[in-house]
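Single-structure report; data block below.
What follows is calculated from the coordinates using simple rules that are stated; it is not laboratory data. From a predicted model like this one, the values you see are computed outputs, not experimental measurements. With ideal geometry, Cβ positions are generated from the backbone for all residues, glycine too; neighbour counts draw on all protein chains shown.
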């Protein structure tokens, strides 16, 4: 009888140890799940931020390039805007192209007549 009680006690101790191990593993799994949820949330935020930046780049490129600009000009302008949105300095050739404005298509207006020129 004592042998059976000893064996039963050992099995109880083993069961308690296994339950503790299962509890530890469950906690570790919960931590991993929480980390995964945070990582997925951070990834979603990064995607949203990238989408907002891309939209802003397109808006800036459209505003900088304007209508009638060549395709290379729009590309350069969007590259400059993207670099600026990311906090980097754009390549000089792109910056020069994006900052250059299209020359005026009409003739300059005549200067107004000054009061001193009027008689």
Just to be sure I understand the model, the point goes 7 Å from the Cα along the line to the Cβ. What's the resulting residue 27 to residue 55 distance in nm?
4.4 nm
What's the FRET efficiency of residue 15 with residue 41 using the Cβ-Cβ distance as r and R₀ = 41 Å, to the nearest 0.05?
0.60
